[in-house]
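All remarks here apply to the structure that follows.
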Amino acid sequence: MSNPLVFDPLAGLIAKAGRGDRAAAAALVKAVSPKLWRVSWRLLRDAAEAEDVTQEALIRLWKVLPTWQTGRARVETWLHQVTTNLCFDRLRKAGRFVDEDQAPEPLDPGPLPDTRLHQSALRDSVDTALASLPDRQRAAIVLTHYEELAAKEVGEVLGISVDAVESLLARGRRALRLALAPEKADLLQASVEGHAA
Amino acid sequence: MSIMDHHPLNKALADVLNHASPVPEMPAARIEAAAMAAFDAQRASRHAWVKTFGALAASLVLGVGGFVYYQSWQTEQKALSADADAFAEQLLSSELDSEL
């Protein structure tokens, strides 16, 4: 049975760029590169590496453009998949990739003194909490919460089922909740201030 | 799509994390310049390949066409010569020559 056609809002640009239209290619870069940058930065935590990965994903897009079949997949989903795999490859090469079964069980850090953390300390806590997640959990959290992809799309990106995505998310959220429990009040305050600003 | 995709807590968690730990600004100019340079390079190499292939195809068509034309011309010449020889033979063997 053939898959139903997938609507892709970038299909027009893809088709034009595939025919060599430079303006369409530039518009495509502007549309997708911020998303690729965000995902790669969140997964790698390194600006230089995130820049390399974003560029590499775009170069791979140019290579598949002439044979791209509109309606088979959304180009953004494909790009997220390429970006995530490139990030995982880099983490593996650097020996930084943490698999699910290698990650220690998250521990409740217990209550901290009732003092408001400074913004930089708060940022460090969030960075540490996210960085401590196994890489596939972090990817699932980033793609779902930051990029607002549906579980089905996250499954396509990571090459797993929707159930497996939900399992990764549940474990990731649990680990984040535990790791950030002492900073909960500061985090909520930061969120309220962020919205008020 | 699962219920979880629309759960308001997801957005709240993203908001909280994003405000506490924003992503640094993307080096847009560098990324865009590198991507467009790669696009131009690929387009140029494809253009060069199309030109080379076009020239090869044109040479092949001209070569084969020329050969076929030459062969047919040669056959035609042979046929004409044979006709002329036959006519001459016919003339010689006829009484026409002596009558003239």
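Only the coordinates and a few stated rules stand behind these numbers; no lab work does. For clarity, every value in this text was computed on a predicted model and none was experimentally measured. FYI the Cβ positions are ideal-geometry reconstructions off the backbone, even for glycines, and counts take in every protein chain you see.
Just a few scattered comments:
- Using the Cβ of A:THR54 as centre and a radius below 15 Å, the other residues enclosed give a net charge of -2, where K and R count +1 and D and E count -1.
- Karplus-derived 3J(HN,Hα), 6.51/-1.76/1.60, for each residue of the stretch A:39-50, Hz, glycine and proline x: 4, 5, 5, 5, 7, 9, 6, 8, 5, 5, 5, 5
- Förster radius 22 Å - calculated FRET efficiency between A:LYS63 and A:ILE160 (Cβ-Cβ, nearest 0.05): 0.30
- Backbone phi angles across the stretch A:171-180, fed through the Karplus curve with coefficients 6.51, -1.76 and 1.60 (θ = phi - 60°), yield HN-Hα couplings of 5, x, 5, 4, 5, 5, 4, 5, 5, 9 Hz in residue order; Gly and Pro are listed as x.
- Cross-link pairs beyond the 28 Å C-alpha cut-off, checked among A:LYS30/B:LYS51; A:LYS16/B:LYS51; A:LYS35/A:LYS63; A:LYS30/A:LYS184: A:LYS30/B:LYS51; A:LYS30/A:LYS184
- Residue-wise HN-Hα couplings along the stretch A:139-146, as the Karplus relation 6.51 cos²θ - 1.76 cosθ + 1.60 with θ = phi - 60° gives them from phi, are 4, 5, 5, 5, 5, 7, 7, 8 Hz; Gly and Pro carry x.
- Local charge for A:GLU76 was computed over the other residues whose Cβ lies under 12 Å away, with Lys and Arg +1 and Asp and Glu -1, and equals -3.
- Computed extension gain for B:SER45 through B:VAL64, at 0.36 nm per residue and net of the alpha carbon distance, reaches 4.0 nm.
- Local electrostatic count at B:ALA28 - Lys and Arg +1, Asp and Glu -1, tallied over other residues with Cβ under 11 Å: -1
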